[in-house]
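Since every read-out is calculated from the coordinates, none of them should be taken as a lab result. A quick note: this is a predicted structure, and the numbers were derived from the prediction, not measured. Because the Cβ atoms are built from the backbone with ideal geometry, glycine has one as well, and the counts that use them run over all protein chains shown.
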Amino acid sequence: MIKDKKAKRSSHPVMFFIYMSILLILISGIANALNFQVTYDKLTTIAGEVETTTVAVNSLLSLDGLKFLITSAYDNLISFVPFGALLIAAIAFGIALKSGFLKTLSNKLTKKIPKFLIMFLYSLLCIVLSIDENVGYVLLLPFGAVLFMSMNRNPLGGLALGFASIASGHGAGLFINSLDYNLSSYTEASAKLLDTEYTVSQSSNLIFVIVAALLIASICTFITEKIVSRKLGRNNMDEDDELMLDEKDEKKGLIGVLIATIIFLIPIILMIIPSSKDGFIGLLLDKSQDTYPKMLFSSDALLMTNLVGIISMLFAVQGFVFGVITGTIKRIRDMVNFSTDYLKSIGGIFVLVFFAAQLCAILKESNLGVVVTGTLSNLIAASDFSFIPLILLVLVVAMLANILTPAPVAKWSIMAPNIMTSVMKANITPEFAQLVFRAGDSITNCITPLFSYFVIFIGFIEVYTKNKNDFSIRNCYRLILPYFAVIAGMWIFMIVCWYIIGLPIGPGIYPTV
């Protein structure tokens, strides 16, 4: 861990979440007493219906608030999305890890591919799979730690690289994904408030986000190689239950895994092929939609709602096949023991998850995030800014709103109808305004503790910190801040340059009309 003389005096991050919860409760009481509320226009449906909504801060210092705090702890945990995703992923990841598959795969990759390229490809994979946050945070983060240990590097570097890539690269990507589908629907509906004929394509940001994804992966790799890894040093973790496998057995195991993976993926591919009939073909698609991207990425598509389960199952199958072929799995009990041992090793994460779930629930119940987001979006609508000042204002507002309301679609449903008048009057296209919002939303993802997956990152930091006295929220932030600063500068630089030069942000779409 990055050395910090004061780390030994730092409290455990559990206390950080408790302090944050207490602070939000106090703020909610004060804000309610001051009648802190906001009135804003909100899209109620993606069809373009707008209603004027007034939302006030709920006090958690009231009797109703006290009742919520006492009775909702269990429901808060169960409804906390990372909890179930982490549990499912951990069972499968334990099999893949303890069977020796992930370590063998990592060793083979790092021997044949240059380390810098390995980190770049891992970072890019994290950005691409940020379309489903569960997969990225609960599966790719621990894989990054394993990958770094295979290179004899501190696993915390892999965790920092993975988290920065997923969180800060959420608005980027190499193809159209669910974020494009969800945001473009609200962008089009908001634009139609001024121009009833306006349409927004899901590919309207594609060129920009592809360039952003490649740049973010390059930046994250460079920071990890030149700054983070040098501070962290070599791998200092003791690897238990060292498996001594024959090279021939490893090769046979990997070949078997490749065959099993192909067999596993064939039915998955068939289930995402469009079909007009109800049946096995197209089973994972939302057939109520009219285009294939919508069928694939709709919130009702079985693929998106079950992606973490599908990929977890693939990890389990790969670990099982590798273990059977190499002899590390001789009976079903071995698989159960692998999962159990891994769950024991990451048990501390679930303690953190409990308190993070309460913090997020308190924020939601208080309405603080909604009120702040609505107030900030009204600020844009009331401003007389245009051109670059307006673009930067939208960017900063998105960054600030994301600290309290990390869900991008929820924010955009509030912000889009309130800012669209300003941007369209300034001859800025709605698609570019959407892009600016995506950038601001991504920039602060990695530093807000109210982002539900932030707790997964710091939980794995504890797992892979050898000296637990070095585990503190301060050191977690020290790991991630270099990425935050440089990537924030990159997003801002790209947006301003794109606007000034007038480059296309998507096929046939430009920053200005």
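Before moving on, here are some points about what is shown:
- Helix axis angle, 115-128 relative to the chain longest principal axis, alpha carbon, degrees: 50
- Translational diffusion of the range 363-513 was estimated from the Stokes-Einstein equation, with Rh taken as the Kirkwood radius over Cα pairs; at 4 °C and 1.567 mPa s the coefficient is 78 µm²/s.
- The range 284-350: Cα Rg divided by the 2.2 N^0.38 Å rule of thumb: 1.60
- Surface/4 estimate of mean projected area, convex hull on alpha-carbon atoms of the range 109-235, nm²: 8.2
- Using equal-weight Cα scatterers in the Debye expression, the normalised intensity of the range 308-383 in log10 at q = 0.11, 0.15, 0.22 Å⁻¹ is -0.58, -0.73, -1.02.
- Cut-off under 5 Å, modelled amide H: who pairs with LEU61 long-range: GLY29
- Stokes-Einstein D (µm²/s) once Rh is taken as the Kirkwood radius of the range 418-460 over alpha-carbon pairs, at 10 °C in 1.306 mPa s: 129
- Every pair of different Cα atoms in the range 119-171 enters the Kirkwood calculation, which places the hydrodynamic radius at 10.4 Å.
- Radius 14 Å from Cβ of ARG333, net charge of other residues (Lys, Arg +1; Asp, Glu -1): +1
- Pairs from LYS231/LYS344; LYS364/LYS468; LYS294/LYS425; LYS192/LYS364; LYS98/LYS466; LYS192/LYS287 whose Cα-Cα separation, in the structure shown, is over 21 Å: LYS231/LYS344; LYS364/LYS468; LYS294/LYS425; LYS192/LYS364; LYS192/LYS287
- Distribution of pairwise C-alpha distances over the range 16-123, 5 Å bins, in %: 2, 9, 9, 10, 10, 11, 11, 8, 8, 9, 9, 4, 0
- To the nearest ten degrees, helix 387-404 and the longest principal axis of the Cα atoms of the chain are 60 degrees apart.
- Ranked by the mean number of other Cβ atoms within 10 Å of their residues, highest first, the peptides 327-334, 415-422 fall in the order 415-422, 327-334.
- Mean residue ellipticity at 222 nm, helices only, the chain: -21000 deg cm²/dmol; runs of at least 4 DSSP H residues each add -39,500 (n - 2.57), and the sum is divided by the number of residues.
- The chain: angle of helix 155-168 to the longest principal axis, Cα-based, in degrees nearest 10: 30
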